[in-house]
Amino acid sequence: MTSGVALDPVLQGSRLASGPLELALLAAVIVLWLLFGAWLWRASERMHRVALAVVYGCVVVALCAGVLAQEALLFYTGISIAGYATVATLLAVHGVDHARTAAAQAMLLVLGDLILFELLAYLYSEAQATGFGELRAAYREKGGGLSFVGGLLVATGGCRIAGLLLLAPLPGRLYPWRPGAVTGLLCVAMVAGLLLGVRLVDPSLAAPEVWYTLLGMLGAALVAHLLVVTCVLSLARRGGLLQGVSVLASRAAVFGAGMLARVGELTMRLAPRLRALEQRFLSWSVAVATATAFAVLVALSAVS
Amino acid sequence: MSFLLPLALVASSLVTGLIIFALAEESVRLRTALNLLGALSKLLLVGWMLLGVYNGVEYEARFKLLPGLPLVLRADALALLFVTLSAQLWFLTTIYAVGYLEDSPHRSRFFGFFSLCVTATVGVAMAGNLLTFIVFYEMLTLSTYPLVVHRGTPVARRAGETYLLYTVLGGVLLLLGAAWLYTLTGTLEFRPQGIVSDLDASHHKALVGIFVLLIAGVGVKAALLPLHGWLPKAMVAPAPASALLHAVAVVKAGAFGIVRVVYDIFGVQFAAGLGVMMPLAWLASATILYGSVRALFQDDLKRRLAYSTVSQVSYIALGVALVGPIASVGGLVHLVHQGIMKITLFFCAGNLAETLGIHKISEMNGVGRRMPWTMGAFTVAALGMIGVPPVAGFISKWYLGLGAMEVGAGWVLLVLAGSSALNAMYFLPILYRAWFLQADGEWPHERHYPRAETSLALLIPPLVTAALALAVGLFASVPYSPQEWAKLVVLREFYDL
């Protein structure tokens, strides 16, 4: 019936699989989901719990689908829904105070999704399939790292991670709200951007190119974040801009992007704020998120 | 039987409409029963024909009209793609309209023309030649005009005049094109790979002229730039009529007409050889971006949806104009997907107007908490319009993107990305207002219903169409799905199978 037009079925026949990499990520997602879910349940008003449960449930189901997907369109579906549902969760928890940041996050999400769409369409034209194996081969064929497709990959991952950066506490009252319990969960959603790099470049994490790609994504995230902070959140003041740049650079150091020398300075600068956060019983969530992120990194290293 | 079925399909709504005209205004139950019976019988007939056409049965009814120019009704795969959409959405729109117009005057008139409008749509879809197409196309114009001016207000009358001006002009262009075509070919019959491919190169300019006339003629209803002006003005019509205009009948008839002209009059490869397809693709792309930009600045919800239609319908023309099988699948399947998503949005807009008196986006703060089911359906359809997977809109955009890469038109990916970004910019703020902002106070004209947030007749149709939008996205590749039908059409056009 269909000879002559070869169309890969979209989503049907998509496979979920759980290798060591997937299991490590799945464990991280579920641990964070339970921890922050319990916190949210306790902290939220009774009348909002149903709505919160719906969007929060969407986040975890979509994230798990994205993590376990062995095919690009299911992965795309998973991380896309997880992204939107996470922004909705944040809005449900923080209310209108979060509106401007949510707008920026939504913008980054949409931008990331669109670039990912372009990337997948571009790779599909070479691979004629949406399985990660075929797409990986096409990615290598199209030039990999320093090429147009490499740029698209770095940009899409960067957009997702930039959404995460918007949630971190910054000095100078850049944002009208403070991070809450879902910060850690959002880490996972945005790390999905990094996962795309791993999937398309080298799932075994053995090739140096995958690490360069991940670092490239972090760099792209800093640029995207800066653009959003200046353009969308209207940070026109030069002082504020410089402050933003300084803090972003510091965060790049935390992520291991080669500026370890500034960690001490950063710690000194953030110490009073961290103490303040601790007093508000919020710091534990960030700590758990960071610890889990490190655990995931350790697990990934072990896998490789 | 192959002769009777096309006739029965047209008659099921025609007879219903004529009887309804004769009914007294007070015969509410009888009118409702007739409406539902007509819609249900059409749905069953379409199901029967779907099975037949999928298995290779040919349905055709032919009558003498003019010497050498018969009236032909034929059910091919392309016709059934459109007819199935119309029949399904007509059934749901009928239920919705019964609830929406519960206390309104002139219901017999409304439902009579409503049925005639669907009759004309089915005729347009099943037309076996250009003459039949024009007859039903004009019938569609005349039967939708009373729906546009139904409220009888000065604004409605002015909108109706604009609508008539545009569509009659479109009809004239179509007729001129058809007459010119007949002088060259001696036939107006629709055929796979077209009817003009035997003409030699000396007719090149004439064929380009005919193409421009025919596309301009159908482009008015398809709201192609710059012929779109009537659509936003026609938003004064009641919500069921708007739903009909945007998702079931008028705009879709125009888009369908573009497909027919390209596929069955010129043939897609021949049209590409004439050099007319790339300009059509550019025009469609310009319309896609223009409609989205204009939608951004509308505070009236229905006007924003109208400009969104201007943009989204051109995806169909774009898919066809790219001259590749995969892009064509993307364009054709959007004929159905856009219809399902857009009718959901219009149903929801109608629910907000009817239940809370909300017409503007700036009045929608907190409406998600007051009407969660309606806004849930709206959310699904809006996300689909943006192209978020797995809702139906993603499938269309995915195949359009792949098709563009297949034919080396990478710039189309930028158009798709730009359009999706603009869609996000005008739909996400609505969702934010509805779900996360507090209501400003009293709603403009709130009505309470005992069993649900609104009348069940108004609530069930958008819920069903939202579920359909999800289902056709999730199960895009199952047999009999819109995507499989689009594939059948493309196989016939590109591979003569």
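Within a straight-line Cα-Cα reach of under 27 Å, B:Lys42 can be paired with the following lysines, leaving aside sequence neighbours fewer than 8 residues apart in one chain: B:Lys64, B:Lys221, B:Lys252, B:Lys342, B:Lys487.
Residue by residue, the stretch A:71-87 carries 3J(HN,Hα) couplings of 9, 5, 6, 5, 4, 4, 4, x, 6, 5, 5, 4, x, 4, 5, 5, 4 Hz when phi is fed to the Karplus relation 6.51 cos²θ - 1.76 cosθ + 1.60 (θ = phi - 60°); x denotes Gly or Pro. Straight-line cross-link partners of A:Lys142 among the lysines, defined as a Cα under 24 Å from its Cα and at least 8 positions apart when in the same chain: B:Lys397. Using a 1.4 Å probe over protein heavy atoms, the accessible area lost on pairing A with B, summed over both chains, comes to approximately 3100 Å².
Between B:Phe21 and B:Tyr495, the modelled labels are 4.7 nm apart [label points 7 Å from Cα along Cα→Cβ]. Pair-distance distribution P(r) for the stretch B:218-288, from all Cα-Cα distances in 10 Å bins starting at 0: 20, 44, 25, 9, 1 percent.
Once the Cβ-Cβ distance of A:Arg49 and B:Ala439 is raised to the sixth power relative to R0 = 25 Å, the FRET efficiency obtained is 0.80. Within the straight-line cut-off of under 15 Å between alpha carbons, the aspartates and glutamates reachable from B:Lys302 are B:Glu354, B:Glu363, sequence neighbours fewer than 8 places apart in one chain being disregarded. Relative to the isolated chain, which residues of the stretch B:393-415 have their accessible area cut by 50 Å² or more in the presence of all protein chains (1.4 Å probe, heavy atoms, no ligands or nucleic acids)? Residues of the stretch B:393-415 that lose at least 50 Å² of accessible area once the other chains are added: B:Phe394, B:Trp398, B:Tyr399, B:Leu402, B:Met405, B:Leu413. With all protein chains present, how much of the accessible area of the stretch B:207-285 (probe radius 1.4 Å) comes from carbon and sulfur, to the nearest whole percent? Heavy-atom surface of the stretch B:207-285 belonging to carbon and sulfur, 1.4 Å probe: 79 percent. Between B:Ala33 and B:Leu414, the modelled label-to-label distance comes to 6.2 nm, taking each label 7 Å out from Cα in the direction of the beta carbon. Placing a pseudo-label 7 Å from each Cα along the Cα-to-Cβ vector at A:Ser147 and B:Phe297 gives an inter-label distance of 4.3 nm. How many angstrom separate the Cα center of the stretch B:3-77 from the Cα center of the stretch B:220-265? Cα centres, the stretch B:3-77 to the stretch B:220-265: 21 Å.
Ignoring the sites themselves, chain B has its longest run without trypsin sites (Lys or Arg not before Pro) in a DSSP loop having at most 12 other Cβ atoms within 10 Å at B:1-446.
Percent of Cα pairs in the stretch B:157-227 per distance bin of 5 Å, from zero to the largest separation: 3, 16, 22, 22, 14, 10, 6, 3, 2, 0.
Taking 0.36 nm per residue of separation and subtracting the Cα-Cα distance, full extension of the segment from B:Leu165 to B:Leu142 would add 7.1 nm.
For the stretch B:339-469, the C-alpha radius of gyration divided by 2.2 N^0.38 Å, with N the number of residues, is 1.19.
Could you report the stretch B:419-470's accessible area per residue, 1.4 Å probe, as an integer in Å²? List each step's numbers first, then the result.
Values: 2550 Å² over 52 residues.
Value returned for the stretch B:419-470: 49 Å² of accessible area per residue.
Between B:Ala127 and B:Arg74, the built amide H atoms are under 5 Å apart, and every one of these is 5 or more places off in sequence or on another chain.
At q = 0.18, 0.23, 0.28 Å⁻¹, what log₁₀ I(q)/I(0) does the stretch B:260-326 have when each alpha carbon counts as one equal point scatterer in the Debye sum? With one equal scatterer per Cα and no solvent, log10 I(q)/I(0) is -0.66, -0.86, -1.09.
Per-residue ellipticity at 222 nm, computed for chain B from helices alone with -39500 (n - 2.57) per DSSP H run of at least four residues, works out to -24000 deg cm²/dmol. Using a 7 Å offset from Cα along Cα-Cβ at B:Tyr182, what residues in the stretch B:58-81 end up with backbone N under 20 Å from the label point? Answer for this model: B:61-74.
The values are calculated or read from the model by the stated rules, or taken from the named source; none is laboratory data. Quantities reported herein were computed from a predicted structural model and do not represent experimental measurements. Every residue, glycine among them, receives a Cβ derived from its backbone with ideal geometry; neighbour counts consider all protein chains shown. Accessible surface is based on the protein model in full, side chains and every heavy atom, while ligands, DNA and RNA are left aside. Shrake-Rupley method; radii C 1.70, N 1.55, O 1.52, S 1.80 Å.
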